[in-house]
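Everything below concerns the one structure shown next.
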Amino acid sequence: MDWLISAIIGWCGTGWPRHFHGGGGGGGDPDPWPPNCPMCGGIIGALSAIVINQIVAGHISGGGFFATAVVSFAAGYVGNSLIGVVDVLMRGK
């Protein structure tokens with residue numbers, strides 16, 4: 001059950017609900033990778049939070065839910081940002 005809580009809070013760390021895409025017409029499909037993919041960032045953030053929480057579980061076990069929430073939120077944000085930066089570097093933009 002710990003992984004589910006980590007995944008939900010990690011998803012929240014990506015800022016996913018705040019990424020609104022403007023309306024408007026035409027122009028083909030949007031770029032299918034963060035930040036334009038509406039689901040990719042959240043999934044990456046959730047997976048990052050699960051992995052990091054399992055790695056540091058021994059260190060934060062005394063902190064309870066608050067420690068898990070802080071680590072998951074930060075891991076979601078950093079994981080999503082890191083993948084976005086790697087994507088930009090690989091594209092050469």
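Highest mean first, what order results for 62-71, 77-86, 6-15 on Cβ atoms within 10 Å? List each step's numbers first, then the result.
On the way: 62-71: 13.8, 77-86: 17.4, 6-15: 23.4.
For the peptides 62-71, 77-86, 6-15, the packing ranking is 6-15, 77-86, 62-71.
Accessible surface for region 38-93, divided over its residues, is 62 Å² per residue with a 1.4 Å probe. For region 45-54, backbone phi angles converted through the Karplus equation (6.51, -1.76, 1.60; θ = phi - 60°) give residue-by-residue couplings of x, 5, 5, 4, 5, 4, 5, 5, 5, 5 Hz, Gly and Pro being listed as x.
Compute the orientation-averaged projected area for region 38-90 from the convex hull of its Cα atoms and round it to one decimal in nm².
Values: hull surface 15.3 nm².
Approximately 3.8 nm², given one-decimal rounding.
The values are calculated or read from the model by the stated rules, or taken from the named source; none is laboratory data. Quick caveat: nothing in here was measured; it's all calculated off a predicted structure. Glycine gets a Cβ as well: all are built from the backbone with ideal geometry, and neighbour counts include every protein chain shown. In case anyone asks, the SASA skips ligands and DNA or RNA and just uses the protein heavy atoms, side chains included. Shrake-Rupley method; radii C 1.70, N 1.55, O 1.52, S 1.80 Å.
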